[in-house]
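The values are calculated or read from the model by the stated rules, or taken from the named source; none is laboratory data. This structure is a prediction, so every number in the text was calculated from the model and none was measured. Here Cβ is always computed from backbone atoms with ideal geometry, including for glycine, and neighbour counts include all displayed protein chains.
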Amino acid sequence: MIKLRVVLVHPSLNSCGGAERVCLAFAEGLLEAGHEVAIATVDKIDWGLLRKVFGRERLPVEEYYLFVRLPRENAVFRGFFTVSCYLFLLFLVRCGRRFDLMIGTSGELVDSVSDIVYVNALPLRLIHRYSGVHVEKGVYWRCFSRLYDLFLRVLGRVRGARLILTNSRFNREVIRRELGLNALILYPPVNVDEFRALVYSSNREDLVVTVSRFRPGKVLEVVPRVARLVKDAKFLIVGSKSEGYEEVVEALRRIIGELGVDDRVELRIGGSRSEVLEALGRARVYLHTQPYEAFGIAVAEAMAAGCVPVVPMVGGPWSDLLAERQGLYGYSYRNVEEAAREVKAVIEDRNLWEKISERAVKRAEKFDAVVFREKVVHLIDLFKRILHGR
C-alpha cells in the first residue's frame with residue numbers, strides 16, 4: 001500500500017454545518033485507509049464545539065491555521081475576510097508542497113488550486129445569477145459575487161483542479177450549465193445508524209421539526225407562516241447558534257407574535273446533538289425551509305429517523321433525496337400555502353405518514369456515511385495510480 005500525505009483545506013470547521021461534516025468524514029475515511037492527514041483552516045478548530053454539535057471526538061490529524069479565532073465585528077465583514085483568507089490559505093498550502101494530495105472541501109468558494117475539490121453548495125461566484133438565494137446583506141454579496149467570478153475565471157486559467165466532486169445532481173447541473181465544468185457526484189455522509197433507533201419511537205406526536213443553524217439565508221420565517229395555516233400541529237426549530245443569530249431569532253419571534261402562533265412554535269437555540277435526536281424521535285414531519293440547498297444532510301437525517309420531509313421544489317432535497325417524486329419519500333412545495341397543505345395531509349392521515357415514513361427510511365440508507373467513506377478511499381486509490389503513472 002502506498003501511504004499518502006493528504007491535506008484537507010477548509011475555511012472553518014467551527015461553522016458546524018453540512019460542509020464541515022463532509023470535511024470531517026473525508027478525514028475519517030482517509031485515516032481508516034492508513035493515510036497521514038492534516039487539516040488546514042483559517043481559524044483554529046474548536047473540538048469541544050464539534051463534540052457538542054456533531055458528537056465528534058478529536059481526530060488524530062495535524063492542524064494548521066492562520067488565526068486563533070475570526071474577527072467578530074459583523075457578519076458581512078467576517079464573511080469577506082474568511083473568503084479572502086481561504087484563498088490565501090489555499091495558495092500557502094499549495095506553495096508549501098509538503099503533501100502528496102491537496103483536497104479543498106469548500107469548492108463552492110474556490111473551484112481550482114486543489115488536486116480535488118468538493119463543492120458543497122451553490123458556488124459563491126454564482127449567487128448574483130440566482131435571485132431566489134437568500135443571503136444576509138444580499139446587495140453586498142451579489143456585487144462581491146460578480147467581482148469574485150471574474151477573479152476566479154482568471155485563476156482557473158492558471159491552474160484547474162484535477163477532479164471536481166459535488167454533492168448532488170442539482171449542483172452538478174448548476175456547475176455544468178453555469179461554469180462549463182464536469183463534476184462527479186459524491187453524496188455527503190449521513191450517519192444512518194445514529195438515527196435508525198428513532199424509527200420505531202413510541203413518542204411520536206403531531207410535531208413538525210426544522211433543524212437549522214440560526215443564521216440569515218435559512219428562510220426560517222416559513223415555519224411560523226406554515227404554522228398559522230396548520231392549526232393541529234406544533235412546530236419546533238432546533239439548531240446551533242451562528243454569528244449574528246440574535247437578529248435572526250429576534251425577527252423570528254416578532255413574526256411568531258404577529259401571526260399569533262406563540263403557543264405552537266418553539267425555538268430551541270443552541271440545541272445539542274441529543275436534543276436534535278430527541279426532537280426527530282417525536283416528530284412526524286420534517287419541514288425544510290431553504291431553497292437552493294445543494295443536498296440537505298439534515299433532511300436525510302430526518303428521513304433516516306422516520307420523519308416525512310416537506311422541502312422546497314428547488315434544490316438537492318427535491319432532486320436527489322426525494323428523486324423528484326411527489327408523495328413517494330416526501331413532498332415538495334413552491335410556496336407557504338403548498339407547504340401547509342402537505343404538512344396538514346401527513347399530520348391528519350396516520351396511514352399516509354406510516355407508508356411514506358417507511359419508504360423515506362429505506363431511501364436514507366443510500367446516503368449512509370459508510371458508503372461515503374468507501375467511495376473516498378476508492379477515489380484516493382485512483383489518484384494514487386495517476387500520481388505514480390499506473
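Annotations for the structure displayed:
- Here is the figure for the range 13-59: residues that are polar (S, T, N, Q) and at pLDDT below 95 total 2.
- I127 being at pLDDT 85 or above and surrounded by 17 or more Cβ atoms within 10 Å (Cβ to Cβ): no
- Test for L70: is it modelled with pLDDT of 90 or more, touching a helix residue (DSSP H, G or I) at 6+ places or on another chain (Cβ under 7 Å) and assigned by TED's automatic domain parsing to the domain that holds L179: no
- Restricting attention to the range 207-238, the residues that are crowded, with 24+ Cβ neighbours inside 10 Å and either in contact with a Cys (Cβ under 8 Å, 6 or more places away or on another chain) or at positive phi (or both) add up to 1.
- Unique residue being touching a residue at least 60 places away in the same chain (Cβ under 8 Å) and assigned to a loop (DSSP other than H, G, I, E, B) when the list is G306, G327: G306
- Restricting attention to the range 31-46, the residues that are among the aliphatic types (A, V, I, L, M) and under 16 Å from R58 (Cβ atoms) add up to 5.
- Among residues of the range 163-199, those that are buried (at least 16 other Cβ atoms within 10 Å of the Cβ), among the aliphatic types (A, V, I, L, M) and farther than 30 Å from R282 by Cβ, counted: 9
- Some residue of the range 272-295 being assigned by TED's automatic domain parsing to the domain that holds V211, surrounded by fewer than 21 Cβ atoms within 10 Å (Cβ to Cβ), touching a helix residue (DSSP H, G or I) at 6+ places or on another chain (Cβ under 6 Å) and closer than 18 Å to R215 by Cα: yes
- When each of D381, D320 is tested for being assigned to a helix (DSSP H, G or I) and either at pLDDT 95 or above or buried (at least 19 other Cβ atoms within 10 Å of the Cβ) (or both), the lone residue that passes is D320.
- Checking the range 368-375 against the condition returns no match, with no residue being closer than 19 Å to V119 by Cα, in the same structural domain as E28 (by TED's automatic domain parsing), in contact (Cβ under 8 Å) with a residue 24 or more places away in the chain and out of contact with any helix residue (DSSP H, G or I) (no Cβ under 9 Å at 6 or more places or on another chain).
- Residue within the range 55-67 that is within 25 Å of G239 (Cα to Cα) and touching a residue at least 60 places away in the same chain (Cβ under 8 Å) present: yes
- Scanning the range 46-102 for residues that are of a type in the set (D, E) and either buried (at least 18 other Cβ atoms within 10 Å of the Cβ) or touching a Leu at 6+ places or on another chain (Cβ under 8 Å) (or both) returns D46, D100.
- Residue tally, condition part of a loop (DSSP other than H, G, I, E, B) and of a type in the set (A, V, I, L, M), over the range 266-301: 2
- Some residue of the range 166-184 being outside the structural domain of R359 (by TED's automatic domain parsing) and among the hydroxyl-bearing types (S, T, Y): yes
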